[in-house]
1. Can you find a residue that is closer than 19 Å to B:PHE188 by Cα and either at pLDDT below 85 or aromatic (Phe, Trp, Tyr) (or both) anywhere in the stretch B:5-15?
2. Would you mind finding the one in A:VAL34, A:VAL39 that is within 14 Å of another protein chain (Cβ to nearest Cβ), assigned to a helix (DSSP H, G or I) and either loosely packed, with under 13 Cβ neighbours inside 10 Å or more than 15 Å from the chain's Cα centre (by Cα) (or both)?
3. Mind listing just one residue for me: the one in the stretch A:109-134 that is within 14 Å of chain B (Cβ to nearest Cβ) and among the β-branched types (Val, Ile, Thr) and, of those, surrounded by the fewest Cβ atoms within 10 Å (Cβ to Cβ)?
4. Can you name the number of the only condition in (1) loosely packed, with under 15 Cβ neighbours inside 10 Å; (2) polar (S, T, N, Q); (3) at pLDDT below 90 that A:SER196 fails?
5. Check whether at least one residue in the stretch A:4-26 is within 14 Å of chain B (Cβ to nearest Cβ) and at pLDDT below 90, and report yes or no.
6. Within the set of pairs 6+ apart or on separate chains, which have a first residue in the stretch B:187-201 that is part of a helix (DSSP H, G or I), a second that is among the small types (Gly, Ala, Ser) and modelled with pLDDT under 90, and C-beta atoms under 9 Å apart?
7. Please determine, by comparing only the residues of the stretch A:45-80 that are in contact (Cβ under 8 Å) with a residue 12 or more places away in the chain and in contact with a Leu (Cβ under 7 Å, 6 or more places away or on another chain), which one is nearest to the other protein chains (Cβ to nearest Cβ).
8. I want to confirm something. Restricting to the stretch B:164-199 and keeping residues that are of a type in the set (Gly, Ala, Ser) and under 13 Å from B:ASN41 (Cβ atoms), which single residue is surrounded by the fewest Cβ atoms within 10 Å (Cβ to Cβ)?
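The values are calculated or read from the model by the stated rules, or taken from the named source; none is laboratory data. All values derive from a computational prediction rather than experimental measurement. Here the Cβ is made from the backbone with ideal geometry for all residues, glycine too, and neighbour counts use every protein chain on show.
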Amino acid sequence: MNKSPLYSILFIALLAVFFGGAVSGVEQYTREKVEQGRVAAQRSRVLEALGIKAPESPQALAELWGARVSEKSGPSGEYYSASDVEGALKGYAFPFTAPGFWGPVRGVVAVAPDGNTLLGLSIISHQETPGLGGRISEKWFTEQFRGKRIDSSKSAPLSFVYREPVAANEVEAVTGATQTSSRFAGFINPFLADLSKRGVFAGGDAK
Amino acid sequence: MSTIKAIRKNVTLSTIRRGIWDENPVFRQVLGICSALAVTNLLANTLVMSAGLFFTAAMSSFTVSLLRKYTPRDVRIMAQVLIIASYVICVDLAIKAYYPEISATLGPYVGLIITNCIIMGRCEAFAYHNPPIPALLDGAAAGVGYSVVLLFIAFWRELLGFGTLLGHQVLGDGFARWTIMVMPPGAFFMLGLTVWLFRSLLPPERRD
């Protein structure tokens, strides 16, 4: 069917308005649910870093979060304070945004109240290549950080190696993803070294 | 009258049969391979992806067909992509809202349904020249054809790779998991074997 160019333009414009409107409608309708899912996923990752098993059901997760985690803010940004089952202080979790190869890597680091024992690390979101840099969000990588000592007198408390880790401060980097690994290491080391100087550990700021 | 009905029934059946078997998008036309490799290591993910593709293929064909008399030839591809993209974004939003965990593991693949050649192919080859109901059937049949092959691949990959089906333990602890099945190379092995198996079931003159 051949019509004038004007008709083609009008047709596409109308189609775009109609379908654009429909998609916006669906987006509006699902926005709240999507946001809830995003918050729940983030909370699960924070609990994972702290070494607390996150329940799968949204209600149980919200309850556990309300009972054991409090969201605080200090001079260096927001952080979380968590208690163990008996109510004693378990540790603090600090969100971070590290540079990746393709985009920002968002994650969270949890530290024991002494300020120099890592409780754990988890990745919330990243845009690294699936199967290569993307493996930084896999358990084998993140679980390595649990229980590591942070020697804040060193500029690089952790050493990322491309082999089986031997020394206590060594972490196995992602082979085949040197860009992601070295960027991540370059960010996380100063970040960790700086953590113990934060107010919460010195007994100073925001309680 | 009854002959017309019989012919209609015949055409309907052959449309469905063509999409699922004779011209199966995956093992006959070898389309949609990217996602066939990427989302088949867990049955649950494959089910969600298949449902998404089924819905998009059927609805896009239906809509393209509805608008076929008003769509100028020179902008028909633009119109088709717009229609497909709208349905895919809706599917993506629905999965994000109701299955956030699955959405995270499927990653960009739901969004990439937009460029899936199966849907574009059916819209361009069939829906643009046929009435809405046959177009809907044709799109749906292509969706089923895709889903059947993907579910078949995912069944074996999850079973052998994790010893589970839909997350339930099926094979006992004594079973040594074939880890390679859930890794990318396993996808290539399974896809190759599947195409070979299904093609060998076709009569020799149609194997080309």
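1. Start the filter on the stretch B:5-15 by keeping residues that are closer than 19 Å to B:PHE188 by Cα, which leaves none.
Within the stretch B:5-15, not a single residue is closer than 19 Å to B:PHE188 by Cα and either at pLDDT below 85 or aromatic (Phe, Trp, Tyr) (or both).
2. Sole residue among the options that is within 14 Å of another protein chain (Cβ to nearest Cβ), assigned to a helix (DSSP H, G or I) and either loosely packed, with under 13 Cβ neighbours inside 10 Å or more than 15 Å from the chain's Cα centre (by Cα) (or both): A:VAL34.
3. Of the stretch A:109-134, the ones within 14 Å of chain B (Cβ to nearest Cβ) are A:122-134.
Remaining after also requiring among the β-branched types (Val, Ile, Thr): A:123-124, A:129.
Details: A:ILE123: 22, A:ILE124: 20, A:THR129: 16.
Taking the candidates together, the pick is A:THR129.
4. Among (1) loosely packed, with under 15 Cβ neighbours inside 10 Å; (2) polar (S, T, N, Q); (3) at pLDDT below 90, A:SER196 violates only (1).
5. Kept after step one, since they are within 14 Å of chain B (Cβ to nearest Cβ), are these residues of the stretch A:4-26: A:4-26.
Narrowing the set further to residues that are at pLDDT below 90 leaves A:4-5.
Yes, the conditions are met somewhere in the stretch A:4-26.
6. Taking only residues 6 or more apart or on different chains, the pairs are B:ALA187/B:ALA36; B:ALA187/B:ALA38; B:LEU191/B:ALA36; B:THR194/B:ALA36.
7. Once the filter is applied, the top-ranked residue is A:ALA49.
8. First, the residues of the stretch B:164-199 that are of a type in the set (Gly, Ala, Ser): B:167, B:172, B:174, B:176, B:186-187, B:192.
Subsequent filtering for residues that are under 13 Å from B:ASN41 (Cβ atoms) retains B:167, B:186-187.
Numbers: B:GLY167: 10, B:GLY186: 21, B:ALA187: 22.
The extreme case among them is B:GLY167.
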